[in-house]
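**Student:** First, the structure itself, so that you have it in front of you.
The values are calculated or read from the model by the stated rules, or taken from the named source; none is laboratory data. As the structure is a computational prediction, the values presented were derived from the model and not from experiment. All Cβ positions, even for glycine, are placed from backbone atoms using ideal geometry, and neighbour counts span all protein chains on display. These area figures cover heavy atoms from the full protein model, side chains too; ligands, DNA and RNA do not enter into them. Shrake-Rupley method; radii C 1.70, N 1.55, O 1.52, S 1.80 Å.
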Amino acid sequence: MDQYLVIVPLLPFLAFVINGLWRNRMSKNTVIALAVGSVGLSFVTSVLLFIRLLGLAPEQRLIQQTLFTWIPVGTLKLDMAFMLDPLSAVMILVVTGVGFLIHVYSIGYMAHDEGIKRFFVYMNLFMFSMLTLVMADNLGLLFVGWEGVGLCSYLLIGFWFHKDSAANAGKKAFIVNRIGDVGFLLGTFLIFWTAGTLRFPDLAARAPEVFALGGGAVTAATLLLFVGATGKSAQIPLYVWLPDAMEGPTPVSALIHAATMVTAGVYLLARLNFLFILAPTTLVVVAIVGCVTALFAATIGLAQNDIKRVLAYSTISQLGYMMMACGVAAFGAGIFHLMTHAFFKALLFLGAGSVIHAMSDEQDMRKMGGLKKQLPTTYNTFLMATLAIVGIPIFSGFFSKDDILWQAFSSGHGNPLFWLIGVLTAGLTAFYMFRLFYLTFHGQPRYDQQTADHLHESPRVMTVPLVILAVLSIVGGWIGWPKVLLGGAWFERFLAPVMSHAGGGAAAETVGHSPSLEYGLMAVTIALVLVSIYAAYSIYNKSIGRATSLRQSLSGVYKVIYNKYWVDEFYGATIVRPLVKGSIFLWKIFDVVIIDGFANGLAYLTGDASTMGRKMQTGHLREYLTAFLIGTVLVIGFLIVR
Amino acid sequence: MVNLTPLLPELFLFCWALVVLASDLFSKRRSASLPGYLSLAGLVITGFLLIPAHDAYLWGGMFVSDPFAVFFKIIFLGAAFMAIGSSFGLAGRMTHHRGEYFTLILFSTVGMMFLASAKELITLYVGLELTTIPLYVLAAYTKSSRASTEAGLKYMIIGAVSSAVLLYGLSIIYGLTGTTFLQQITINLSIYWLSYGELGPAFSIALMAILAGLAFKLALVPFHMWAPDVYEGSPTPVTAFLSVGSKAAGLAAIVRIFVGAFIAFATPVMAPRDWGSTLAVLAAITMIVGNIVAIRQTNIKRMLAYSSIAQAGYIMVGVVAASNLGVSAISFYVFSYMFANMGAFAIVAIIAERTGSEQIADLAGFSKSSPVLAGLMAIFILSLAGIPPLAGFLAKYYVFAAAVQAGYTWLVVLALLTSVIAYYYYANVIRMMYLSADPNPHHIVPSFPAGLVLALAGIGVILFGLMPEPILKLAIAAASSFVF
């Protein structure tokens, strides 16, 4: 079974190659069958591998497969090698499982788009890249996946490239991620320079010897890698690309910009937990960035009117939670939330997609309302996802969010302040999610007659994935049922072998906090969430009149968050515009006059030299022989005279 | 009775070449298939015979079958295979001497194999002549074409002069050391050196005469003048074979003699009789002239001729390093160069066969009319230019790494600069095929053997760029045949 690891990423890759090369010769249905089928098979393989992994003793849960040595240069040896441990097993299950559902959903959603074949080609390439990312056994190969998903993200955000906004959003995502990639690469170089290897198992074994706790090298390396993570996982200060990324088709938002790709940064931190744990300074930075991002994005989410943008800010906020978990060394909790979030956020996006589909591509919530009757399946599943994300007990989000909050409070790296911000964010989340929910599905219809005529529930191929994800949104968290609520905390134990170096998680519980404290904190959170839901209910359920008056009375605050704190404008004024001006100067003066002048001059010179050399080739044998003999004499003379 | 196992591949291929010659008597008038396929089969069988012949020597070390020899024999066989595979169209139009055509290529291949195994000067020289003489005939094979006849004649006259220069150098070495065995030459030279602390100008003259004689085979500047005319005039598959097989043979001889016997004189410490710095200067001039003159060529065969002159310059950068890494790097380089260059020439042959044109400008719109061929051509060209992830990139990388390690940073900087010039003329071909708006009227489908050659070359260029490990291992083993 060990040699079958490669099948998981290979299947989508083959579909990508076949569809990519010959899609124009194949019918639409063949392309779709190949694209969706390959991901489905990849999921089945993942499940089989997962079962095989469970069959091993917890300490031996590591399956490796080396295909070939990819780059052997000096001491650097990068292998095309995959590994499967509990962490990557969770990731491939989420990626292929949720990915498969979204592929199925896309069949319906993209049915009328003429670019549907191209869409599936990109989606398969994305699946391949993402699976490579999470299964890579070294940082070099991980970076291949990292860049691959970035490329696919770019291609899919700008899928409708004829729209300027979509093309620009793609560009923005690409450029912002590039900034993060610089950090990633520098961090990788630093690690190779100091530890001499990029393989995760070797690194994990060598890290405690090579790096001193809190040493400069490990702190710098982890901080640099974290810069990469903030780019991919949309954290402050590099989060700005994600809201704009909503220009892509909705299934893309669900798969790439909610469930999988954006969690790559969190995965990176969890994968390298043994390094981060050696750098307490970095951990503090990660925790602060995480919780500030969580709160900051949640406040912006309060005032957005575009249904997908609310969800985008919500994603940023939830990613902040995951980062915060990593920052308090509770990597397991972060991955747990990553998984539950994949279920409910994918569902929220797909539900939103279903709404947008039904509303003839309308995304403004102010023009929706009262859709409960027309879209019953969407409504019910969306409700499940909303309850999950706000953290109502027994729904999946409750367990993972509660785990993070408790760790933020109690872990050795935690701080009650982190907990407080986390709880505030939970309250805000409950408010904006139910605001979205009520504005969309309850109250009076605010759409025009033409839209009403076309209003319809989505076809089966779209609603079945919704239902499956809804079930997962409910039960998905049960595998992490905490001990304090008489559960087994199975998820944490499953990940424990990977996190053994981290010392977080279980260790924190021995610090001596009593269960009653945990109950108390839990109760505070739940109470605040319920109050927020009630507030959203009373303001947005019936009509938007109350909302309007509320907006007027808070116009100052509203203006700030509606305009997203003017962060884009700030970046524009301080970074983008000076850069553009500098570039224009360099272009007009330095590039055109000096560089081009030099290069063109050189090209003319080379060209002239070439013409000259050509003329020397006369075709006369006697001249060739002369050249030969002169050459011989010259080399001998060179040796003797010198 | 001498055990001839190490010689088995050469003996077999020689006999097989005679069989091919005879087979033409029985083949149909207008078809080249029988002798052609027989030749291909013979080359494959010879390849397998290399396995039992591995790691052995004959006649007191005159003829060795070390990893270096075997590696280069694989290259010769590969080059011959691809040259013959792309010759079917040409041979099909021949009315006379069809069997001889294939036989001569096989004879030349036998010569190359001898050459690679020779560790003794006379054997080496005989191998060299056995390689070259069939090539003179092959260059002039299209008797009806003035260019071809001219090519053959020019090649032969300059070849004869260079042989004379080479022999002159070899004879001085014999005079100095009293032996023709390379190993003994090294020993005698060091005794001579230790006793007198001086070798005199005769040794310098010998070194350079040998270098000049072999530089002719590799078409290093200024011993390159014959190459563009001969490459252009010869039948295209012969040109391909000249540019790969014959060049690799010359390289094998240079490495055998200079790295094998004169390694002590590679470093500048031995100035003024160090061959390393002279060869570095030759490599530099070769890269500059080859690349620059290639820019203004309009005929694709001539362009590829200059390109292959430049490529020889890059290979010399690895020889100059005269180190373990250097020899394994050039071995890998020639291996990847074989695929890319044979592939590119094969496509030129296929196109010229059909359209009768060898002009770069006539490639316009080729990507639309024959997308697969155009794609392959682009891949071969990109590999020659050294673009990752193709094999040519890694080859350049290793060669440059070896030279930097040996302290020839200036040479590598120059090599990088000239390879930028190379991008221009390489990219020009791709630009013509892909970006020109002119429609191309020819939809070209290669014949089966030519398709086989293209598939082989394409797979080689891509596969060994992505997973070079198996070939690298062989190349490193090849370098282990020498003492550094």
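**Student:** Which condition number does B:LYS301 fail, the rest of (1) at the interface with another protein chain (Cβ under 10 Å from one of its Cβ atoms); (2) over 18 Å from B:MET156 (Cα atoms); (3) at pLDDT 85 or above being met?
**Tutor:** (1)
**Student:** Quick test of your reading of the structure: B:ALA352 fulfils all but one of (1) more than 27 Å from B:TYR37 (Cβ to Cβ); (2) small (Gly, Ala, Ser); (3) over 20 Å from the mean Cα position of the chain (by Cα). Name the failing condition by number.
**Tutor:** The one condition B:ALA352 does not meet is (1).
**Student:** Consider A:PHE434 against the criteria (1) more than 18 Å from A:CYS326 (Cα to Cα); (2) surrounded by fewer than 24 Cβ atoms within 10 Å (Cβ to Cβ): it satisfies all of them except one. Which criterion is unmet?
**Tutor:** Among (1) more than 18 Å from A:CYS326 (Cα to Cα); (2) surrounded by fewer than 24 Cβ atoms within 10 Å (Cβ to Cβ), the lone unmet condition for A:PHE434 is (2).
**Student:** When region A:3-22 is examined, which residues are found to be open to solvent by 60 Å² or more (accessible area, probe 1.4 Å), over 24 Å from the mean Cα position of the chain (by Cα) and touching a residue at least 12 places away in the same chain (Cβ under 8 Å)? Full working, then the answer.
**Tutor:** Step one: filter region A:3-22 for residues open to solvent by 60 Å² or more (accessible area, probe 1.4 Å), giving A:3-4, A:10, A:13-14, A:18, A:21-22.
Narrowing further to those that are over 24 Å from the mean Cα position of the chain (by Cα): A:3-4, A:18, A:21-22.
Within region A:3-22, A:GLN3, A:TYR4, A:ILE18 qualify.
**Student:** Oh, and also: So, B:ILE263, is that one farther than 30 Å from B:MET432 by Cβ, touching a Phe, Trp or Tyr at 6+ places or on another chain (Cβ under 8 Å) and either surrounded by fewer than 24 Cβ atoms within 10 Å (Cβ to Cβ) or of a type in the set (Ser, Thr, Tyr) (or both) or not? Break it down stepwise before answering.
**Tutor:** Numbers: farther than 30 Å from B:MET432 by Cβ: yes; touching a Phe, Trp or Tyr at 6+ places or on another chain (Cβ under 8 Å): yes; either surrounded by fewer than 24 Cβ atoms within 10 Å (Cβ to Cβ) or of a type in the set (Ser, Thr, Tyr) (or both): yes.
Criteria met by B:ILE263.
The rows are residues; the columns are (1) touching a helix residue (DSSP H, G or I) at 6+ places or on another chain (Cβ under 6 Å); (2) free of Cβ contacts under 8 Å to residues at least 12 places away in the same chain.
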residue: B:PHE366; (1), (2): yes, no
residue: B:MET377; (1), (2): yes, no
residue: B:PHE393; (1), (2): no, no
residue: B:TRP410; (1), (2): no, yes
residue: B:HIS443; (1), (2): yes, no
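**Student:** Given the conditions (1) open to solvent by 10 Å² or more (accessible area, probe 1.4 Å); (2) within 14 Å of another protein chain (Cβ to nearest Cβ); (3) under 23 Å from A:PHE638 (Cα atoms), which single one is not true for B:ALA206?
**Tutor:** (1)
**Student:** I'm trying to understand the selection: among the residues of region B:178-202, which are open to solvent by less than 30 Å² (accessible area, probe 1.4 Å), at pLDDT below 90 and of a type outside the set (A, V, I, L, M)?
**Tutor:** B:GLY200
**Student:** Take region B:382-395 and flag every residue that is part of a helix (DSSP H, G or I) and buried (at least 24 other Cβ atoms within 10 Å of the Cβ). Steps first, answer last, please.
**Tutor:** Pass one, region B:382-395, residues part of a helix (DSSP H, G or I): B:382-385, B:391-395.
Listed by number, the residues that qualify are B:SER383, B:LEU384, B:ALA391, B:GLY392, B:LEU394, B:ALA395.
**Student:** Could you identify the single residue in B:SER383, B:SER323 that is over 30 Å from A:ASP608 (Cβ atoms) and of a type in the set (S, T, N, Q)? Explain how you work it out, then say what you get.
**Tutor:** Values: B:SER383 fails: over 30 Å from A:ASP608 (Cβ atoms).
Within the list B:SER383, B:SER323, the selection yields B:SER323.
**Student:** What helices (runs of 4 or more DSSP H) completely inside region B:47-151 contain at least 2 residues that are in contact with a strand residue (DSSP E or B) (Cβ under 6 Å, 6 or more places away or on another chain)?
**Tutor:** Hits in region B:47-151: B:121-139.
**Student:** Select the helices (runs of 4 or more DSSP H) contained entirely in region A:531-642, then report the ones holding at least 2 residues which are over 27 Å from A:SER314 (Cβ atoms), away from chain B (no Cβ under 14 Å) and of a type outside the set (Ser, Thr, Tyr). Show your work before the answer.
**Tutor:** Details: elements: A:545-553, A:555-562, A:567-571, A:577-585, A:596-616, A:621-641.
Passing ranges, in order: A:577-585, A:596-616.
**Student:** Among the residues of region A:65-76, which ones are open to solvent by 50 Å² or more (accessible area, probe 1.4 Å) and either more than 23 Å from A:LEU53 (Cα to Cα) or more than 10 Å from chain B (Cβ to nearest Cβ) (or both)? Break it down into steps so the answer makes sense when it comes.
**Tutor:** First, the residues of region A:65-76 that are open to solvent by 50 Å² or more (accessible area, probe 1.4 Å): A:66-67, A:70-71, A:74-75.
A:THR66, A:TRP70, A:ILE71, A:GLY74, A:THR75, listed by residue number.
**Student:** Which of the residues belonging to region B:447-470 are touching a Gly at 6+ places or on another chain (Cβ under 9 Å) and outside any helix (DSSP H, G or I)?
**Tutor:** Matches in region B:447-470: B:SER447 only.
**Student:** Right, B:PRO228: within 16 Å of the chain's Cα centre (by Cα) and either under 18 Å from B:TYR101 (Cβ atoms) or open to solvent by 20 Å² or more (accessible area, probe 1.4 Å) (or both) or not?
**Tutor:** It is false that B:PRO228 is within 16 Å of the chain's Cα centre (by Cα) and either under 18 Å from B:TYR101 (Cβ atoms) or open to solvent by 20 Å² or more (accessible area, probe 1.4 Å) (or both).
**Student:** Next question. Quick one: count up the residues across region A:267-316 that are among the small types (Gly, Ala, Ser), within 23 Å of A:ALA426 (Cα to Cα) and part of a loop (DSSP other than H, G, I, E, B).
**Tutor:** Matching residues across region A:267-316 total 1.
**Student:** Quick one: is B:MET316 closer than 24 Å to B:LEU115 by Cβ and either touching a residue at least 60 places away in the same chain (Cβ under 8 Å) or more than 14 Å from every other protein chain (Cβ to nearest Cβ) (or both)? Walk me through it before giving the result.
**Tutor:** On the way: closer than 24 Å to B:LEU115 by Cβ: yes; either touching a residue at least 60 places away in the same chain (Cβ under 8 Å) or more than 14 Å from every other protein chain (Cβ to nearest Cβ) (or both): yes.
Yes, satisfied.
Conditions (1) open to solvent by 10 Å² or more (accessible area, probe 1.4 Å); (2) in a helix (DSSP H, G or I); (3) in contact (Cβ under 8 Å) with a residue 60 or more places away in the chain; (4) farther than 16 Å from A:ALA259 by Cβ, marked per residue:
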position: A:LEU78; (1), (2), (3), (4): yes, no, yes, yes
position: A:LEU87; (1), (2), (3), (4): no, yes, yes, yes
position: A:VAL98; (1), (2), (3), (4): no, yes, yes, no
position: A:ILE102; (1), (2), (3), (4): no, yes, yes, no
position: A:SER106; (1), (2), (3), (4): no, yes, yes, no
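**Student:** For region A:342-370, give me each residue that is among the small types (Gly, Ala, Ser), surrounded by fewer than 24 Cβ atoms within 10 Å (Cβ to Cβ) and assigned to a helix (DSSP H, G or I).
**Tutor:** A:ALA358
**Student:** I've got another one for you. So which helices (runs of 4 or more DSSP H) stay within region B:282-381 end to end and still have 3 or more residues that are buried (at least 23 other Cβ atoms within 10 Å of the Cβ) and not β-branched (Val, Ile, Thr)?
**Tutor:** On the way: elements: B:300-321, B:324-355, B:366-369.
Qualifying helices (runs of 4 or more DSSP H): B:300-321, B:324-355.
**Student:** To continue, here is another question. Restricting the search to region A:1-53, which residues are under 19 Å from A:GLY115 (Cβ atoms) and charged (D, E, K, R)?
**Tutor:** A:ARG23, A:ARG25, A:LYS28, listed by residue number.
**Student:** Next question, about the same structure. Tell me which of these A:ARG446 doesn't satisfy, since it passes every other one: (1) part of a loop (DSSP other than H, G, I, E, B); (2) open to solvent by less than 60 Å² (accessible area, probe 1.4 Å); (3) not aliphatic (A, V, I, L, M).
**Tutor:** (2)
**Student:** Among the residues of region B:209-252, write down those that are at the interface with chain A (Cβ under 9 Å from one of its Cβ atoms) and assigned to a helix (DSSP H, G or I).
**Tutor:** If the condition is that a residue be at the interface with chain A (Cβ under 9 Å from one of its Cβ atoms) and assigned to a helix (DSSP H, G or I), then B:ALA209, B:LEU211, B:ALA212, B:GLY213, B:ALA215, B:PHE216, B:TRP226, B:PRO228, B:ASP229 are the ones that fit.
**Student:** Please find, within region B:268-281, the residue that is nearest to the other protein chains (Cβ to nearest Cβ) out of those that are open to solvent by 10 Å² or more (accessible area, probe 1.4 Å) and out of contact with any Asp or Glu (no Cβ under 6 Å at 6 or more places or on another chain).
**Tutor:** Filtering region B:268-281 for residues open to solvent by 10 Å² or more (accessible area, probe 1.4 Å) gives B:268-273, B:277, B:281.
Imposing the further condition that a residue be out of contact with any Asp or Glu (no Cβ under 6 Å at 6 or more places or on another chain) reduces the set to B:269-273, B:277, B:281.
Values: B:VAL269: 14, B:MET270: 11, B:ALA271: 7, B:PRO272: 5, B:ARG273: 6, B:SER277: 8, B:VAL281: 7 Å.
The qualifying residue nearest to the other protein chains (Cβ to nearest Cβ) is B:PRO272.
**Student:** If I go through region A:199-234 residue by residue, how many of them are over 23 Å from A:VAL144 (Cβ atoms) and outside any helix (DSSP H, G or I)?
**Tutor:** Looking only at that region, the number is 5.
**Student:** Moving on. Is it the case that A:MET339 is among the hydrophobic types (A, V, I, L, M, F, W, C), open to solvent by 10 Å² or more (accessible area, probe 1.4 Å) and within 21 Å of A:GLY480 (Cβ to Cβ)?
**Tutor:** Details: among the hydrophobic types (A, V, I, L, M, F, W, C): yes; open to solvent by 10 Å² or more (accessible area, probe 1.4 Å): yes; within 21 Å of A:GLY480 (Cβ to Cβ): yes.
Here the answer is yes, as A:MET339 does meet what is asked.
**Student:** Among the residues of region B:401-420 satisfying the criterion of being within 12 Å of another protein chain (Cβ to nearest Cβ) and under 20 Å from B:GLY290 (Cα atoms), which is surrounded by the most Cβ atoms within 10 Å (Cβ to Cβ)?
**Tutor:** Once the filter is applied, the top-ranked residue is B:THR418.
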